[in-house]
Each structure stands twice: as C-alpha cells, then as structure tokens.
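**Student:** The structure is given below, and queries will be raised subsequently.
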C-alpha cells in the first residue's frame, strides 16, 4: 500500500479558535504553514521470518505395585522440528493406592521402606526413564 499524498495539505493548522468563532488567538496553531514531509511513510515493511513454537504438556503414569508415579512433562517444540525440541521440566507426583501423597511425606515413607538416602536416586532414575519414554512416544520427532 502506497502513501496517499492527498492526505498532506499545505494549509495552516487550525485548532478551531479563529475569528469566525470569536476572539482569534494563535493557541496551538503554528505561525507558518504545516508542510509535512512524510516520504518515509511510503517505505514497505517486509516480513523476514516467523518462528512458531509449541508448548507441549504430556502426562505419563507408572504403576509400581505398592505405589504409582505420575510424570508431568513440559516441553517446547520448534515449528521446524529439526531445529529444537527440548524438555523444560518433569514433575513427579506420587500416589499410594491411587491417592495423591505429599512429596515430602512420600520421600520419608520411601526412605523408611528402602533405606536412608535412597529416594534421590529413585527420583532421578524415574525422571530419566520418563524422559526416554517421552522422546520415544512423542509425535514431534527431531531426528
């Protein structure tokens, strides 16, 4: 779309305060004619690039008999899958008899059952397992 030069006038500015309407004062009107030079408005804006990213939420569950683990996986997928596909976060929720547990309460129970300082390795192993499952099952393949 080209700039319409008919919109630019060489007339003096008028703010409505002229002798026709009563007392004439300059007000905000400039003393000289308002010659606008707007040739820069005629330059075209060209879209160069657009990248669309998708935030993906995936939920997994794993039944370990005595308890269950749900994994909430958040990832970011680039429109061009070969460029980027990263997991942003994996949050684990623990359940006993399909009822949600508080994280610290489950950690304490787990360490009472399986030994002190065993929970962190268990959690890290689960996180890695869910990450592998995500990349194996996702529809957004990067390779």
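**Student:** May I ask you to derive the FRET efficiency for residue 89 and residue 43 from their Cβ-Cβ distance with R0 = 30 Å, giving the value to the nearest 0.05?
**Tutor:** 0.10
**Student:** Let me ask something additional. Multiply the residue separation of residue 102 and residue 61 by 0.36 nm, subtract the distance between their alpha-carbon atoms, and state the gained length in nm to one decimal.
**Tutor:** Working it through step by step, the gained length comes to 13.1 nm.
**Student:** For residue 70 and residue 128 in one chain, what is 0.36 nm times their gap in residues minus the Cα-Cα distance, to one decimal in nm? Walk me through the numbers before you get to the answer.
**Tutor:** Values: separation 58, 0.36 × 58 = 20.88 nm, distance 1.35 nm.
Stretched fully, the residue 70-residue 128 segment lengthens by 19.5 nm.
Since every read-out is calculated from the coordinates, none of them should be taken as a lab result. Note that this is a predicted model, so its numbers are computed, not measured. Quick reminder, even Gly has a Cβ in these numbers, built from the backbone with ideal geometry, and neighbours come from all protein chains shown.
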